[in-house]
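Enquirer: Can you read through this structure? Questions will come right after.
The values are calculated or read from the model by the stated rules, or taken from the named source; none is laboratory data. Treat the numbers as computed from the prediction; the structure is a model and nothing was measured. Positions of Cβ are generated from backbone atoms using ideal geometry, with glycine treated the same way; all protein chains shown enter the neighbour counts.
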Amino acid sequence: MVETVKRLAMAHPAIAFRLADGARRLFDYPASNGTLFDARLERLGAIMGRDFSDNAVAIDAEREGIRLTGFAGLPTLNRGNAAMQFLFVNGRPVTDRMLFGALRGAYRDFLASDRYPLVALFLDLPCELVDVNVHPAKTEVRFRDQAVVRGLIVGAIRDALSGAGHRASTTVSEAALGAFQAKSGASLPGRGGPIYPTGPAHVPRGLAETADAFHAPLPGLTPDPVARLSDPTAFDDPQSAAEDFPLGVARAQLHKTYVVAQTADGIVIVDQHAAHERLVEERIKRGLENGGVASQGLLIPEVVELDEDACRRLTERGSELADMGLVLEPFGPGAVVVRETPALLGEVDVSRLVNDLADGLAELDDTIALKDRIGDVCATMACHGSVRAGRQLNADEMNALLREMEATPHSGQCSHGRPTYVEMKLADIEKLFGRR
């Protein structure tokens with residue numbers, strides 16, 4: 001009953017909703033007199049939480065007389081189930097499998113398969129284009145042209161997420177600050193502020209990735225050391241430079257894994273491997289859109305041994321892989337020979353790359369074109385071409401990484417929906433030290 005009324009409240013923000021069980025009031029949502037956009041976001045924030053209203057992008061698109069509006073959460077704002085996914089057709093809440101499938105398709109390149117985005121979408125279309133009598137409870141619908149509806153949802157969400165640029169959800173920084181908060185109720189003498197816990201702060205599982213040292217030049221960024229952070233002339237005016245860029249100016253590298261940058265009003269900590277992996281993936285996608293990814297020939301072609309099924313999967317997709325810059329041919333019943341690799345990957349472990357691609361193709365239906373699962377393939381390639389954790393970066397490389405992140409859509413999260421950076425405002429840091 002509660003969930004049913006909440007869904008009705010989402011669809012009609014201009015109407016007040018109040019629910020009580022006789023003993024207590026369960027919720028009270030006042031009517032909003034603002035625009036539909038503002039009223040809907042306010043009502044969704046009241047029901048789904050402030051985290052959603054603070055970290056959602058607006059959706060407003062139309063195709064062939066069908067209009068889609070609402071809000072979609074940033075990929076870094078996700079959950080382990082679909083409980084926070086709300087879909088409406090002509091004002092009626094539905095649980096249509098095709099619509100939920102379209103959501104998964106829209107977020108496929110940004111979230112792991114076991115994570116779910118937060119969304120509230122409203123689909124409005126002429127009654128003759130939809131059959132609402134599919135299910136006795138009216139919770140499922142059938143569209144006259146499902147392909148148009150699916151394409152509208154996928155395209156609109158991806159366009160909105162692209163427009164968000166490098167933005168990551170505020171919950172990332174809130175979680176980071178929460179890790180610093182005291183676990184006990186003790187306070188600083190005379191201040192009443194929190195003190196630090198004696199135990200180590202909890203770091204979310206999977207936030208940091210480890211890998212072997214990576215010594216090759218960083219693909220796409222400054223390849224040779226130019227200025228070390230210990231060099232006082234590396235930045236003429238760090239504070240001024242920080243004010244010019246959303247992600248600030250690099251000031252240090254910690255544990256050869258995290259880049260620390262100073263912004264105008266705080267600091268940013270970047271996971272260099274996750275960030276560069278996303279950048280490489282987006283470069284591959286842009287290359288495909290512009291006619292193909294540039295390749296580099298190997299001085300000595302490399303033979304990679306595989307089982308026969310894996311060889312078959314790779315060679316059958318040979319022309320599609322060639323468009324991505326990977327040129328290979330069959331070399332007997334249990335091997336392939338690699339002649340060219342994507343130039344933007346730089347030096348790469350050819351054998352590991354080919355084996356990982358073969359494993360990924362094994363999970364795909366042979367009838368599905370790689371262009372329809374391009375994100376999966378690009379992510380695999382990007383992982384092999386990205387700067388690894390444990391790779392020492394100089395000042396120019398770190399700042400080039402930050403500048404490209406600012407200019408690249410979706411750079412706020414890796415392919416699995418984990419954040420590529422955490423931002424902490426100076427005011428919040430000062431609170432940690434009892435300065436506020």
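Enquirer: Count, please, the residues in the range 336-358 that happen to be crowded, with 19+ Cβ neighbours inside 10 Å, in contact with a Ser or Thr (Cβ under 9 Å, 6 or more places away or on another chain) and of a type outside the set (Val, Ile, Thr).
Expert: Matching residues across the range 336-358 total 4.
Enquirer: Right, another one. Tell me which of these Met84 doesn't satisfy, since it passes every other one: (1) crowded, with 18+ Cβ neighbours inside 10 Å; (2) within 28 Å of Gly248 (Cβ to Cβ).
Expert: Answer for Met84: the failing condition is (2).
Enquirer: Among the residues of the range 30-49, is any hydrophobic (A, V, I, L, M, F, W, C), assigned to a loop (DSSP other than H, G, I, E, B) and either closer than 20 Å to Val132 by Cα or over 22 Å from the mean Cα position of the chain (by Cα) (or both)?
Expert: For the range 30-49, residues hydrophobic (A, V, I, L, M, F, W, C), assigned to a loop (DSSP other than H, G, I, E, B) and either closer than 20 Å to Val132 by Cα or over 22 Å from the mean Cα position of the chain (by Cα) (or both): present.
Enquirer: Something else: Go through the range 247-264 and count every residue that is part of a loop (DSSP other than H, G, I, E, B) and farther than 21 Å from Ala407 by Cβ.
Expert: 3
Enquirer: Related question: Counting only residues that are more than 26 Å from Glu277 (Cβ to Cβ) and touching a helix residue (DSSP H, G or I) at 6+ places or on another chain (Cβ under 9 Å), how many does the range 103-128 have?
Expert: Selection size over the range 103-128: 5.
Enquirer: Next question, about the same structure. Quick check on the range 107-125. Is at least one of its residues assigned to a helix (DSSP H, G or I) and either modelled with pLDDT of 90 or more or of a type in the set (Val, Ile, Thr) (or both)?
Expert: The answer is yes; a qualifying residue exists.
Condition check ((1) under 21 Å from Gly346 (Cβ atoms); (2) assigned by TED's automatic domain parsing to the domain that holds Asp356; (3) charged (D, E, K, R); (4) at pLDDT 95 or above) across all residues:
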site: Asp244; (1), (2), (3), (4): no, yes, yes, no
site: Lys256; (1), (2), (3), (4): yes, yes, yes, no
site: Val280; (1), (2), (3), (4): yes, yes, no, no
site: Ala294; (1), (2), (3), (4): yes, yes, no, no
site: Leu321; (1), (2), (3), (4): yes, yes, no, no
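Enquirer: Any residue at all in the range 268-275 that's free of Cβ contacts under 8 Å to residues at least 40 places away in the same chain and either in a strand (DSSP E or B) or basic (Lys, Arg) (or both)?
Expert: No.
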